[in-house]
Amino acid sequence: MMIGNWLDIGPVTQIEPGTARTLPVLGCEEIAVFHTMRGEFFALRNQCPHKQGPLSQGIVHGDVVTCPLHNWNISLRSGKALGDDEGCVPTIPLKVDAGRLYLLRSAVVTRAEAA
Amino acid sequence: MNAPVNFERAGLPGNGRERLVVIGNGMAGCRAVEEILARDPLRFDVTIFGAEPRVNYNRIMLSPVLAGEKTFDEIVINTPEWYEDNGITLVSGDKVVSIDRETQSVIAASGRVEPYDRLLIATGSDPFIIPVPGKDLDGVVTFRDLDDVDRMLAAADRGGSAVVIGGGLLGLEAAHGLNLRGMKVTVIHLMPTLMERQLDEAAGYLLRSELERRGQTILTGANTKEILGEGGRVAGVRLEDGTEIACDIVVMAVGIRPATALAREAGLEVERGIMVDDHMVTSDPAVLAVGECVQHRGTCYGLVAPLWEMCRALADHATGAPTGYEGSVTSTKLKVSGIDLFSAGDFSGGEGCEDIVMRDAARGAYKRVIVKENRLIGAVLYGDTADGSWYFDLMKKGEDIAPIREALIFGQAFASGGALADPNAAVAALSDDAEICGCNGVSKGTVVKAIQGGACSLDTVRSTCKASASCGSCTGLVESLLALTLGGEVQSGPKTLCKCTSFTHDDVRRLILEKELKLIPQVMQELHWTTPDGCSSCRPALNYYLLCAWPGEYEDDQKSRFVNERMHANIQKDGTYSVVPRMWGGLTNPRELRAIADVVEKYDAPMVKVTGGQRLDIFGIRKEDLPAVWADLNAAGMISGHAYGKSLRTVKTCVGSEWCRFGTQDSTGLGVKIEHMTWGSWMPHKFKIAVSGCPRNCAEATIKDFGVICVDSGYELHVGGNGGIKVRATDFLCKVSTEEEAMDMCAAFTQLYREEAHYLERTAPWIERVGLQYVKDRLAEAGAVERYAARFRYSQQFMQDDPWARRAAGEDAKLHQHLAEVRPFPTAPKPQLENA
Ligand SMILES: Cc1cc2nc3c(=O)[nH]c(=O)nc-3n(C[C@H](O)[C@H](O)[C@H](O)COP(=O)(O)OP(=O)(O)OC[C@H]3O[C@@H](n4cnc5c(N)ncnc54)[C@H](O)[C@@H]3O)c2cc1C
Ligand code: FES
């Protein structure tokens with residue numbers, strides 16, 4: 001069943017455009033959910049590939065977030081560091097349906113099982 | 001789903017034709033029938049059921065009907081004669097209520113039962129109604145069919161005001177029509193940008209300004225909470241933030257849902273839409289579906305262009321020569337007279353995508369094309385849509401645009417003209433009297449002469465002949481002329497603010513004032529930003545420049561703030577924050593110390609440290625706890641210490657004349673007074689002040705941005721010091737004899753720095769760049785100190801509002817709270833969600 005695979009994390013209106021909010025997952029890594037100015041949503045592990053900066057606190061421009069600690073630019077789409085920096089943060093599949101946000105359940109909890 | 005169907009079945013009617021029943025007398029249903037007839041007019045006996053009591057008309061033209069630009073008769077597609085001439089039975093005004101796939105028949109509301117050999121579902125979409133209280137009140141209408149238009153026209157006849165919920169294509173066309181019909185219209189849109197699915201922020205801003213100019217009220221980021229009624233009729237709308245808008249009619253235009261109920265109940269495979277294959281066949285081979293009600297390769301469409309292609313594939317298949325439909329690239333045009341807007345393809349950007357942006361502020365035009373792997377994949381045009389179809393064509397054909405890439409944004413005329421494909425060549429081809437700079441009326445000949453006369457950089461061209469010195473939209477042309485005239489000898493100009501613009505910090509600051517630019521998207525449009533919404537360098541800079549230019553008017557943009565300024569605390573490497581409460585002049589008392597000690601214990605702060613600025617820094621506070629920590633500190637009378645900001649940090653003092661045997665003047669008291677005057681002011685960079693009571697300088701005033709050294713005969717004022725990476729001792733500015741003069745000079749110097757330095761430039765590099773003499777001269781002009789000081793104090797009225805108190809009271813709570821918390825059980829992997 002499709003529905004069962006998706007975790008409903010609430011209405012889209014919870015996240016202002018151009019910002020992100022956090023979703024702690026007990027026993028594993030916190031997730032940052034982004035809403036771009038263009039109205040797209042993305043979910044990534046809330047950890048910069050450089051030195052684990054909380055990406056949720058960075059400035060969002062286009063589909064990029066600038067890490068608040070040392071200004072690495074991270075693509076929200078791929079999780080990859082842009083420019084000369086190298087590294088990648090895991091992304092979590094996200095979908096919007098009828099005004100609500102859903103994250104792929106398995107991507108949210110796999111790390112919990114591994115841990 | 002792809003199994004071929006055998007149409008040669010038994011039990012056909014007397015004439016030997018198959019019975020084709022169509023549900024939906026709309027654009028797709030009728031088009032499909034037309035396509036079939038064109039291929040094989042004798043194959044089917046056709047019966048069409050339509051819920052609407054009329055013939056098929058061009059639904060997209062309902063907008064011009066509403067606006068009074070067309071009549072219903074003008075938009076009819078299939079007249080009654082068409083049905084008759086083609087032997088089609090039209091059952092209009094009778095809705096099909098169920099499909100019986102066992103007996104292969106449909107049942108209508110009237111009780112009519114119609115057997116079929118082939119069924120075509122073309123039920124279109126239903127308008128989505130947001131489930132708010134009051135949605136069923138009289139006067140809440142949708143915008144889908146002629147009856148809706150009639151309802152709106154009846155309301156418009158009575159006059160009054162309308163609220164349109166939804167700022168997408170449909171909502172804006174409804175708003176436009178009602179506005180032309182004399183109603184006062186307010187558009188409520190949930191997202192920050194109008195038509196956000198078709199437009200980016202920049203084009204949305206232009207559209208919004210134009211609609212506002214026409215008298216509509218546009219509320220973006222507005223969430224409808226309730227529709228208010230009076231005696232069963234609509235009386236107004238209440239938003240989530242409490243705003244109420246009185247109105248006589250509410251048009252709900254928030255989106256559409258494929259009309260799938262019939263198909264779902266009949267047991268056909270349905271996801272968002274009715275699932276069809278490339279031949280428009282559903283999960284039942286005898287049932288076809290077409291139009292907005294279907295889902296093809298994962299996509300549901302809401303525009304007509306895909307219908308035509310679907311209908312072609314459907315007819316090919318139904319008449320035995322299957323070809324297949326592979327999905328459509330769509331484009332959108334807004335049908336509001338006088339507004340030219342075009343959008344097509346994918347413009348959300350992404351991996352490997354590159355934006356090419358061109359803005360022409362003088363003409364209010366904006367163009368953006370998105371290129372990926374040398375293919376054009378999206379375009380947004382506002383103001384000048386002449387090239388829309390050309391871009392759309394390039395996109396659909398997937399043509400390699402590498403050879404014309406440089407000139408692509410200039411449009412077809414430039415790009416496809418062989419030699420003209422090189423923008424420099426295009427400029428070279430212009431005649432000498434062709435106008436280059438519209439703002440200053442400078443011709444090509446004049447620019448070339450200026451360049452030949454020695455102007456070898458953009459800047460010198462600007463200062464010699466004024467070309468590109470105003471709005472800057474011709475910068476590209478001037479650069480081409482420089483390249484053409486000088487070959488490789490063009491000098492690169494001064495550093496631009498960031499890679500999103502060709503303007504320098506000084507240009508941007510000057511133009512914000514000259515053109516009275518008061519919003520970030522407005523600056524980006526007027527100054528031709530080359531990115532849709534800037535970057536992490538220019539957003540904070542623009543936010544500061546606007547804040548400084550328009551105190552009290554400009555609303556601080558939190559999302560353009562660096563984390564520390566947004567959170568009013570300093571982020572640490574583990575993601576927690578440190579908190580520094582203000583202690584005026586470095587003085588404190590038992591009550592404050594006790595409150596700090598309590599906070600440290602209550603929130604388990606692992607470290608407290610005395611800072612270089614004579615404050616106490618509490619480490620390890622989590623973002624969720626910040627508002628509570630601040631509330632506790634506020635309760636003891638302490639406010640934000642701004643240790644996190646590009647702002648006044650601290651005023652450091654020494655022990656002072658009350659205790660120190662060397663002290664002169666009331667230096668500590670002066671420090672406290674200066675801190676009361678300057679706290680809370682946003683600056684280009686952090687700003688530190690110190691006041692020492694004697695030249696022994698215990699407060700280290702000579703490595704501060706502004707330092708005061710008290711002597712017996714008065715106050716020596718020093719500026720531009722820095723104790724950071726590159727230590728710089730202050731320059732001596734002047735000596736004054738009273739405390740008032742010292743305070744005024746401090747305010748004036750601070751304001752000069754606030755108004756003229758570049759963002760992220762401390763006073764030390766600023767003074768080295770402009771020269772101490774310049775600063776002295778500016779402040780020595782007649783009345784200058786009073787003027788600057790007055791501007792500083794005016795601005796301070798709006799800045800001295802403790803951000804901690806506001807947050808503690810619940811403002812911007814979302815910045816501190818988690819979205820929710822996921823608690824997966826260790827055994828079952830099914831996560832539970834707890835709302836925070
Ligand atoms: C105001 C407006 C402006 C638009 N502007 C544009 C535009 O500029 N460009 C563009 O590309 N698109 C535009 N569209 C969208 C376009 O009109 C649709 O994409 C198109 O009409 C879809 O065709 P369809 O046949 O799938 O649905 P429809 O045209 O809606 O036809 C479906 C028909 O089925 C009938 N029906 C539904 N259920 C039943 C049932 N159970 N029994 C019998 N009959 C039933 C409905 O009454 C309706 O008449 C606009 C739409 C509107 C409303
Ligand atoms: S941790 Fe993100 S840039 Fe260093």
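Of the residues A:Ile74, A:Ile59, A:Ile92, which is aliphatic (A, V, I, L, M) and either within 16 Å of ligand 1 (Cβ to nearest atom) or out of contact with any Leu (no Cβ under 8 Å at 6 or more places or on another chain) (or both)?
After ruling out the rest, the residue left standing is A:Ile59.
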Study note, to complete from the structure: For A:Val108, the lone unmet condition from (1) open to solvent by 50 Å² or more (accessible area, probe 1.4 Å); (2) under 14 Å from the mean Cα position of the chain (by Cα) is (1)
Check your understanding: Is region B:550-564 home to any residue that is free of Cβ contacts under 8 Å to residues at least 24 places away in the same chain, within 13 Å of chain A (Cβ to nearest Cβ) and buried (at least 22 other Cβ atoms within 10 Å of the Cβ)?
Key -> yes
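Residue by residue, here is whether (1) open to solvent by 20 Å² or more (accessible area, probe 1.4 Å); (2) on the phi < 0 side of the Ramachandran plot; (3) facing chain B (nearest Cβ under 8 Å) holds:
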| position | (1), (2), (3) |
| --- | --- |
| A:Ile9 | no, yes, yes |
| A:Glu16 | yes, yes, yes |
| A:Thr19 | yes, yes, yes |
| A:Leu26 | yes, yes, yes |
| A:Glu30 | yes, yes, no |
| A:Met37 | no, yes, yes |
| A:Phe42 | yes, yes, no |
Practice item. Take B:Thr103 and decide whether it is touching a residue at least 12 places away in the same chain (Cβ under 8 Å), open to solvent by 50 Å² or more (accessible area, probe 1.4 Å) and more than 22 Å from B:Val290 (Cβ to Cβ). Key: yes
Point to revise | Unique residue being part of a loop (DSSP other than H, G, I, E, B), at pLDDT 80 or above and of a type in the set (A, V, I, L, M) when the list is B:Ala483, B:Ala467 | key: B:Ala467
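Residues in region B:308-327: is at least one within 25 Å of B:Gly166 (Cβ to Cβ) and not in a strand (DSSP E or B)?
From region B:308-327, those within 25 Å of B:Gly166 (Cβ to Cβ) are none; that's our starting set.
There is no residue in region B:308-327 that is within 25 Å of B:Gly166 (Cβ to Cβ) and not in a strand (DSSP E or B).
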Check your understanding: In this structure, is B:Arg649 under 22 Å from B:Gly707 (Cβ atoms), charged (D, E, K, R) and not in a loop (DSSP other than H, G, I, E, B)?
Key -> yes
Practice item. Return the only residue of A:Gln47, A:Gln52 being under 19 Å from A:Val25 (Cα atoms), open to solvent by 60 Å² or more (accessible area, probe 1.4 Å) and within 9 Å of ligand 2 (Cβ to nearest atom). Key: A:Gln52
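Output the number of residues of region B:571-584 satisfying the condition of being outside any loop (DSSP other than H, G, I, E, B) and at pLDDT below 95.
Residues that pass the stated criteria total 1.
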**Study point:** Residue ranges of strands (runs of 3 or more DSSP E) in region B:47-142 with at least 1 members over 26 Å from B:Met275 (Cβ atoms)
**Key:** B:89-92, B:113-115, B:140-142
Exercise for review: Write out, first by first residue and then by second, each pair whose Cβ atoms fall under 6 Å of each other, whose residues are 6+ apart or on separate chains, and whose first residue, in region B:47-68, is closer than 30 Å to B:Arg17 by Cβ while the second is of a type in the set (Lys, Arg).
Suggested key: B:Ala51/B:Lys95
**Study point:** Positions within region B:190-219 being open to solvent by less than 40 Å² (accessible area, probe 1.4 Å), touching a helix residue (DSSP H, G or I) at 6+ places or on another chain (Cβ under 8 Å) and over 15 Å from B:Ser343 (Cβ atoms), in sequence order
**Key:** B:Leu211, B:Gln216, B:Ile218
Exercise for review: Can you tell me which residue within region B:143-163, out of those that are in contact with a Lys or Arg (Cβ under 8 Å, 6 or more places away or on another chain) and in a strand (DSSP E or B), is surrounded by the most Cβ atoms within 10 Å (Cβ to Cβ)?
Suggested key: B:Ala162
**Study point:** From the options B:Gly620, B:Gly671, residue that is touching a Pro at 6+ places or on another chain (Cβ under 6 Å) and outside any loop (DSSP other than H, G, I, E, B)
**Key:** B:Gly620
**Study point:** Candidates B:Leu593, B:Leu587 - the one that is out of contact with any His (no Cβ under 6 Å at 6 or more places or on another chain), in contact (Cβ under 8 Å) with a residue 60 or more places away in the chain, open to solvent by 50 Å² or more (accessible area, probe 1.4 Å) and more than 16 Å from ligand 2 (Cβ to nearest atom)
**Key:** B:Leu587
Practice item. For A:Thr66, indicate whether it is of a type outside the set (Lys, Arg), facing chain B (nearest Cβ under 9 Å) and open to solvent by 20 Å² or more (accessible area, probe 1.4 Å). Key: no
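The values are calculated or read from the model by the stated rules, or taken from the named source; none is laboratory data. Note that this is a predicted model, so its numbers are computed, not measured. As a convention, Cβ positions derive from the backbone with ideal geometry for all residues, glycine included, and neighbour counts pool all protein chains shown. Only protein heavy atoms, including side chains, enter the accessible area calculation; ligands, DNA and RNA are left aside. Shrake-Rupley method; radii C 1.70, N 1.55, O 1.52, S 1.80 Å.
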